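The values are calculated or read from the model by the stated rules, or taken from the named source; none is laboratory data. Keep in mind that this is a model prediction, so the values were computed, not measured. Don't worry about glycine lacking a Cβ; one is built from the backbone with ideal geometry, like all the others, and counts go over all protein chains shown.
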Amino acid sequence: MPNIKSNYERFRQKVYIIIYGTSTKAGRLFDLILLGLILLSVLLVMMETVAGFDAKYHFELVFLEWAITFFFTLEYFLRILTINKPWKYIFSFYGIIDLLAILPMYLSLFFLSSNVFSVVRSLRLLRLFKILNHPQFNSQSVQLKDAINASKGKIIVFIYFVLIITIVIGSVMYLVEGKESGFTSIPAGIYWTIVTLTTVGYGDISPVTPLGQFIASFVMILGYGIIAVPTGIVSAEIAKRSHSSTQHPEAPCSGCGSDDYPTNTRFCPQCGHVLKN
């Protein structure tokens, strides 16, 4: 009996390293296979909605989807089997996503006419975040999250400013153009302003008066600047944090007092003095 338990524990350890290990060769290979199956599964979901393709290759699509579902099912139970706290995984965000990745095919056996499950299967794309849970990607995601958090106040103020502009311009266009041009209400004018500011331009509502067209031209030009502002705010924060992470502001050079040097530099680039890291 002890030998059986020992073999079981060794099996759990090996499977755990493969499934959860990102630094091992087997773990990386497993993640690549998982990545390929997720992308293939989402592609199959999309192709099932193409009537001509589904009619011609329906059997092949169903077979591949069941094969992928079987793999995900096996992976789901192996994750529960090998982890020390299975309930913590089951009720975690990624645990719920893993469960949603396998349920649609089994539920489709009882609800044959429902197309909702095809859409639910596209949630498998969320599992890509778990596959990319690598230290290199984590550091980049943390840097981006910190930059967004630092820019949150500026972005909120900017969005509030854009909201005010949208309401004002939408109200003005309602007064200038009127119902004859399709601006039947202030909300309709606000809708047109949002569509124009974002440079989408559906064309379902358009100004016909010279003043309205002049305002529309101003809104179009304004839209290009508005789109660039949030990107610039976040980019500035990322650049600031990237610069500060490669400097030594608390440990300036004892020779010249400069603190503008990379973290791994042994000699000051300004005076050549030996740095104390």
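Within region 65-110, the set of residues being over 25 Å from the mean Cα position of the chain (by Cα) and of a type in the set (Val, Ile, Thr) comprises Ile80, Thr82, Ile83.
Would you mind stating whether Leu64 is of a type in the set (A, V, I, L, M) and at pLDDT 90 or above? Give the steps one after another, and end with the answer.
Values: of a type in the set (A, V, I, L, M): yes; at pLDDT 90 or above: yes.
Yes: the conditions hold for Leu64.
Would you say Tyr76 is hydroxyl-bearing (Ser, Thr, Tyr) and out of contact with any helix residue (DSSP H, G or I) (no Cβ under 7 Å at 6 or more places or on another chain)? Don't jump to the end; show me each part of the working.
Working: hydroxyl-bearing (Ser, Thr, Tyr): yes; out of contact with any helix residue (DSSP H, G or I) (no Cβ under 7 Å at 6 or more places or on another chain): no.
No; evaluated as a whole, the condition is false for this residue.
Residues are listed down the side, and each one gets a yes or a no for (1) farther than 28 Å from Lys145 by Cβ; (2) surrounded by 14 or more Cβ atoms within 10 Å (Cβ to Cβ):
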{"position": "Tyr160", "(1), (2)": "no, no"}
{"position": "Glu177", "(1), (2)": "yes, yes"}
{"position": "Ile190", "(1), (2)": "yes, yes"}
{"position": "Thr193", "(1), (2)": "yes, yes"}
{"position": "Ser206", "(1), (2)": "yes, yes"}
{"position": "Pro210", "(1), (2)": "yes, no"}
{"position": "Ile221", "(1), (2)": "yes, no"}
{"position": "Ala236", "(1), (2)": "no, yes"}
{"position": "Lys240", "(1), (2)": "no, no"}
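Residue check: is Thr184 farther than 30 Å from Ile238 by Cβ and outside any helix (DSSP H, G or I)? Taking the combined requirement at face value, the residue satisfies it.
For region 173-186, residues that are at pLDDT 90 or above, over 37 Å from the mean Cα position of the chain (by Cα) and under 19 Å from Pro210 (Cβ atoms) total 4. Checking each residue in region 20-38 for being over 13 Å from Phe72 (Cα atoms) and free of Cβ contacts under 8 Å to residues at least 12 places away in the same chain picks out Gly21, Ser23, Thr24, Lys25, Ala26, Gly27, Arg28, Leu29, Leu32.
Each residue in region 1-49 was checked for being among the aromatic types (Phe, Trp, Tyr) and either at pLDDT below 80 or not in a helix (DSSP H, G or I) (or both), and 2 of them qualify. Hey, could you check region 147-158 for residues that are of a type in the set (A, V, I, L, M, F, W, C) and touching a residue at least 40 places away in the same chain (Cβ under 8 Å) and say which is surrounded by the most Cβ atoms within 10 Å (Cβ to Cβ)? Restricting to residues being of a type in the set (A, V, I, L, M, F, W, C) and touching a residue at least 40 places away in the same chain (Cβ under 8 Å), the top hit is Ala147. Among residues belonging to region 187-221 that are polar (S, T, N, Q) and not in a helix (DSSP H, G or I), point out the one that is nearest to the chain's Cα centre (by Cα). That would be Thr198.
Looking at region 99-118, can you tell me whether even one residue there is modelled with pLDDT under 70 and surrounded by 14 or more Cβ atoms within 10 Å (Cβ to Cβ)?
Our first condition is that a residue be modelled with pLDDT under 70; within region 99-118, this holds for 112-118.
Within this subset, residues satisfying the condition of being surrounded by 14 or more Cβ atoms within 10 Å (Cβ to Cβ) are 117-118.
Taking every residue of region 99-118 in turn, at least one turns out to be modelled with pLDDT under 70 and surrounded by 14 or more Cβ atoms within 10 Å (Cβ to Cβ).
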